[in-house]
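Taking it in order: structure first as structure tokens, then the write-up.
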Amino acid sequence: MAFGSLSSLGFGSGVLTQDVIDKLKAADEASRIKPYTTKIEENNTKQKDLTEIKTKLLSFQTAVSALGDATVFAKRKVNASVTTNPPASLTADSGVSLQSMKINVTQLAQKDVYQSKGLSNDSGYVDANLDGQASFTLFQNGKQYTITYDKTTTYKDLADKINQATDGNIQAKIVNTGEKDAPYRLTLSSKETGEDNAIGFFDGFKNEDGLYQVDSNASKLFSNLGWELHKPLSDSSSGDITTIDPNNFTGYGIVDDPDNPLHIQKAQNAEFTLDGVKMIRQSNTVTDLGVGITLTLNSTGEINFDIQQDNESVIKAMNDLVDSYNDLIVNLQAATDYNSETGTKGTLQGVTEVNSIRSTIISTLFGTQSVDGFVEDANGNKIPSKVMVSLQDYGLSLSDSGTLSFSQSTFEEKMNEDPSFIESFFAGITQYKDINYTGDLVETSDTTKTLSESEKEIKFEKGKFTIVFNNQTYDLSKTRDGKDFVLTGDTKEEQMQNLVQHINSLNIDGLNVKLEEVNKDGKQGVVIKFSSDNGSDLTIKGDDEFLKQFGLKNTTVISEPVEGLGVFAQLKSKLQGMTGTNGSLTKLDESLTNETKSLTKSKESTQSLIDSKYETMQNQFLQYESILNKLNTQLNTITNMINAMNNQNS
């Protein structure tokens, strides 16, 4: 609120003035407001420095997280014996087992490719005199495609019809070869490589009776294209109806001229050996040699591959760790430093939450850890044992000035000794408890008696008994080769044993199933036992009554993880205890914010009281001035009267 201006009060001159009030108010604000202002400024500076430290700490935490996560240790690299124009190349995803393999490529997979004889133009009609429609059939990979055309169909249209009818599995196009007089050719190519994708031809179609019927117009078209079908003598015809077996027919090839080939590339499989074992595949890209492994065949020849752990990512993470820590230390030292000679100190000096950061990190980094490893006996044999190690063994060291340094050569030497050991030490390996599930007892009195003829066979219908394991579903209604499964046996025990053999024949990786004789609560019988140690959950589901006859029921067994806590996993947890939602630094920052809000509120309240106090004082001074001015006026009047009387008497 604005104050009025106080003038000099005559005989009280220089006492009751605005300047006096301003000085009194300034002195009051200095003693009561300034402490709040100073504390607020200190808190703001603390929060600014704390924010900088938290930013540096989060950067350091990122490097720690990379080393505390087993993912960085799962990365793989592939070394090849041939690097220039290699006959094959290999890629390995993270987590693939370390291994070596020798590949000898003897044959590459090829597409099936045909061409027609030369055509004078690409837009001419395939048969301008055709009455009605004509059809021919193409075969590939167990499927047949019927292509129908009429007198308005051009060679370009014919290519489009083939592409559409085969859904692109047989790719047709008109190409310009540049040959004189007849520069155009119709080409057919299988979309995929391999013998299964070979193209077969038939100059006709399958009629309503399911028999293959020759279409003379289609025969004429094939002749115009230069495609003479290679028909065996056994495929004789009675009129247009052939004697072809409709259940086994895959089409004809064409009679080719070596000097002017129309079958310009024959469909063939890839052939190679893997460590001496012969392999045949439809494609030059092989993805079923192991999960996460892709082999690409480029040319014939031999090549060796060595799948190794990719240390570069771990080394980079270690260097990032050192750089981010040293960057953090610069800020910590500035914020917590105290100079005994000058008495100056950092903004966060003496703050426990900040002062403890460095000691927490160092004690964790350089603490000795007990890790499962091996020791050598007097004979050089490796014996499983607990091994005491620290990061100093892996090239990390602390200088006198408090900064970290990293020796890459020391690290690589230790890394190459045992990659799995360092993974356990750094990140801690997550393992899983073995899962075990045992079905209910099926008593011997029920299992050993001879079954009736109708009971000796049990048909497994789809969905009545399925097993889910490794994220794959296995329906026991089918055998491994896709045939319907029927469980047989003269006794229930024999049937249960055959059931166990059937489950095991499906080669469910990591799942072990066996039949055991047990004595439970005085009852003798057999049970089916499921077990695994690969970390997958197990689910058995199906029809309750159907499962019950084998002592089973709908159930899911969850594999429980057992966390291994490595040095960086421990440090990551401690850093989260500082920077997390409920972390010590987060709480400190919140405390400073709340304190600043409280101080600001108190400052504003005190300022309001001071303003009110001096507003009242000004009003009082103004009243005093008015009274004194009146008295002064009266005094002047009396003085003048006295002076006038004295003048009259003189």
**Prompt:** Can you tell me which residues in region 263-322 are closer than 20 Å to Ala109 by Cβ, charged (D, E, K, R), in contact (Cβ under 8 Å) with a residue 24 or more places away in the chain and in a loop (DSSP other than H, G, I, E, B)?
**Reply:** Lys266
**Request:** Answer with yes or no whether Thr581 is in a helix (DSSP H, G or I), of a type in the set (Ser, Thr, Tyr) and either more than 58 Å from the chain's Cα centre (by Cα) or modelled with pLDDT of 85 or more (or both).
**Result:** no
**Prompt:** Any residue at all in region 268-284 that is closer than 21 Å to Asp196 by Cβ, touching a Ser or Thr at 6+ places or on another chain (Cβ under 6 Å), open to solvent by 40 Å² or more (accessible area, probe 1.4 Å) and of a type in the set (Ser, Thr, Tyr)?
**Reply:** yes
**Asked** In region 367-381, what residues are modelled with pLDDT of 70 or more and either open to solvent by less than 40 Å² (accessible area, probe 1.4 Å) or in contact with a strand residue (DSSP E or B) (Cβ under 7 Å, 6 or more places away or on another chain) (or both)?
**Response** Gly367, Thr368, Gln369
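For (1) among the hydrophobic types (A, V, I, L, M, F, W, C); (2) surrounded by 15 or more Cβ atoms within 10 Å (Cβ to Cβ); (3) at pLDDT 90 or above, each residue gets a yes or a no:
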{"site": "Gly551", "(1), (2), (3)": "no, yes, yes"}
{"site": "Ile558", "(1), (2), (3)": "yes, no, no"}
{"site": "Asn594", "(1), (2), (3)": "no, no, yes"}
{"site": "Lys603", "(1), (2), (3)": "no, yes, yes"}
{"site": "Gln618", "(1), (2), (3)": "no, yes, no"}
{"site": "Ile627", "(1), (2), (3)": "yes, no, no"}
{"site": "Thr633", "(1), (2), (3)": "no, no, no"}
**Message:** For a quick check of your reading of the model, give me the residue pairs whose first member lies in region 598-613 and is at negative phi, whose second is part of a helix (DSSP H, G or I) and open to solvent by less than 50 Å² (accessible area, probe 1.4 Å), with beta-carbon atoms closer than 6 Å and at least 6 apart or on different chains.
**Reply:** Leu599/Ile40; Ile610/Asp28
**Prompt:** On the given criteria, is Gly583 in contact with a strand residue (DSSP E or B) (Cβ under 8 Å, 6 or more places away or on another chain) and open to solvent by less than 90 Å² (accessible area, probe 1.4 Å)?
**Reply:** no
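On the basis of being touching a residue at least 12 places away in the same chain (Cβ under 8 Å), in contact with a helix residue (DSSP H, G or I) (Cβ under 6 Å, 6 or more places away or on another chain) and open to solvent by 30 Å² or more (accessible area, probe 1.4 Å), does Glu493 make the cut?
yes
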**Request:** Report, ordered by the first and then the second residue, all pairs with beta carbons closer than 6 Å, sequence separation of six or more or different chains, a first member in region 388-407 that is in contact (Cβ under 8 Å) with a residue 12 or more places away in the chain, and a second member that is aromatic (Phe, Trp, Tyr).
**Result:** Val389/Phe425; Ser390/Phe366; Tyr394/Phe411; Gly395/Phe406; Gly395/Phe411; Leu396/Phe406; Leu404/Tyr325
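Yes/no matrix, rows are residues, columns are (1) open to solvent by 30 Å² or more (accessible area, probe 1.4 Å); (2) modelled with pLDDT of 85 or more; (3) under 26 Å from Thr364 (Cβ atoms):
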site: Gly395; (1), (2), (3): no, yes, yes
site: Leu398; (1), (2), (3): yes, yes, yes
site: Thr430; (1), (2), (3): yes, no, yes
site: Glu443; (1), (2), (3): yes, no, no
site: Thr450; (1), (2), (3): yes, no, no
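The values are calculated or read from the model by the stated rules, or taken from the named source; none is laboratory data. All figures in this text were calculated on a predicted structure; none of them were measured in a lab. As a convention, Cβ positions derive from the backbone with ideal geometry for all residues, glycine included, and neighbour counts pool all protein chains shown. Keep in mind that these areas ignore ligands, DNA and RNA; they rest on the heavy atoms of the full protein, side chains included. Shrake-Rupley method; radii C 1.70, N 1.55, O 1.52, S 1.80 Å.
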